[in-house]
Amino acid sequence: MEERASLSGLLTTPGERARYEAAQTVWDASGAPAVDVDAAWNAVRARLDSAAVTPLTVGHIGPEQAHKWRLSGGLLRAAVVGFVLVTGSVIWSTVRAIRGAEPAAGTVASVAARTGIAERAVVKLPDGSEVQLGPASSLETRSGFGQGARDVELTGEAVFTVTHDASRPFRVHSGEAVIEDLGTRFVVRAVMDEPLRVAVSEGSVSIGRADSPRARHAVLNPRDVAVLGSTGDAVVTRGVDVERYSTWAGERAELVFDNVPLRAVFRELERWYDVRFDVTDASVLDRTFTAPVTGLSIDAVLQVMSTALALPFEREGKVVRLSPPVRTGLAVQEGAQVGGGA
């Protein structure tokens, strides 16, 4: 096998050969049976296939560049063979721990993904659904995903493109809210200190508190946007241009603000640019901003905002300070405003 040839190529120096032989001596002394690498790999591969474990594909996308990696079949095979060479029969115990004891057919290993500041990720779920995670967000499948239901936990913001299956409902849980897929494509925003928001571009979803009767859950159709308030009832707006809520998920990562209060603008810029806003005059936080900031550096964004809003921004490292606006005796005129994703 090519793995054997690769191993032989690694053991070309006396030191490497000695370490390998020492490890082999310890293995022999343990009394464990000899390991047939080829047979071990074939057995593991067959069991993984029967468990329908799908490799996770994640693409992390920064503000100005993007790259993707895939845990391919070849790399997965090399990783498993490496474990067999080192730990022998322990590999199957590990796989069983991931799968759970004697799982039912169709059960898959759990999936968890997390993004940092200014980072996005594309997550392929085992059922074929795709999730695009926004910055500072996390996604995790709940135990038993694929067995009668497909439940995931979300913190932050994500675009869901769901493979619809009425017999296995797809549900997104965030805090006390639950969003159930009745169609295909929708955006969920569950950012700290903001009401949860859902925008539907295709198909339909229901939204409500997890502990409230289904009759109180609102059903959203294409071009509907709902905000889940503290009362547990969704406030729905129909006929909305919902695509603007997912522009950040495109290849260009378009960040567009449309009449957004500055308090929300600042939170969004903190997620995308890894800065912190220090505001000494809280009265400015209710002013709104409208403008696209796609592809701009944080300094360029601050310049646009300063010109549009007549506000003085100063940046020192990761801290952006906003001092009280200059009073000239004339009313401060609000110009074009910047907003986005919020």
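Accessible area of Lys124 (1.4 Å probe, protein heavy atoms only, ligands and nucleic acids ignored): about 80 Å². Ranking of Ser206, Ser201 by solvent-accessible surface, largest first: Ser201, Ser206 (1.4 Å probe, protein heavy atoms only, all chains present). Rolling a 1.4 Å probe over the protein heavy atoms leaves Trp272 with an accessible area of roughly 20 Å². Considering only the other residues whose Cβ falls under 10 Å of the Cβ of Val188, what net charge follows from Lys and Arg at +1 and Asp and Glu at -1? Net charge in that neighbourhood comes out at +1. Electrostatic bookkeeping for Ala218 treats Lys and Arg as +1 and Asp and Glu as -1; over the other residues with beta carbon under 13 Å from its beta carbon, the sum is +2.
Simple spin-label estimate for Thr231 and Ser323 gives 4.5 nm between the two label positions (7 Å along the Cα-to-Cβ direction from each Cα). With a cut-off of 11 Å between beta carbons, the residues surrounding Glu130 carry a summed charge of +1, where Lys and Arg count +1 and Asp and Glu -1. Model label points for Asp193 and Arg114, set 7 angstrom from Cα along the Cα-to-Cβ axis, are 2.1 nm apart.
Stokes-Einstein diffusion for region 179-326 at 25 °C, viscosity 0.890 mPa s, with a Kirkwood radius from C-alpha pairs, works out to 145 µm²/s. Taking every alpha-carbon pair under 8 Å whose residues sit at least 6 apart, region 108-229 reaches a relative contact order of 17 percent. Reducing region 127-171 and region 236-286 to their Cα centroids gives an inter-centroid distance of 24 Å. Placing dummy labels 7 Å off each Cα toward the beta-carbon, the span from His164 to Gln303 is 4.8 nm.
Put simply, the amide H of Thr184, placed in the peptide plane, has neighbours under 5 Å in Glu202, Gly203, Ser204, leaving out anything fewer than 5 places away on its chain. For region 191-238, the C-alpha radius of gyration sits at 1.08 times the compact-globule guess of 2.2 N^0.38 Å, with N the residue count.
The values are calculated or read from the model by the stated rules, or taken from the named source; none is laboratory data. Since this is a predicted model, take the numbers as computed values, not measurements. When we count neighbours, we look across all protein chains shown, and the Cβ atoms used for this are built from the backbone with ideal geometry, even at glycine. Note: areas computed on protein heavy atoms with side chains; ligands, DNA, RNA excluded. Shrake-Rupley method; radii C 1.70, N 1.55, O 1.52, S 1.80 Å.
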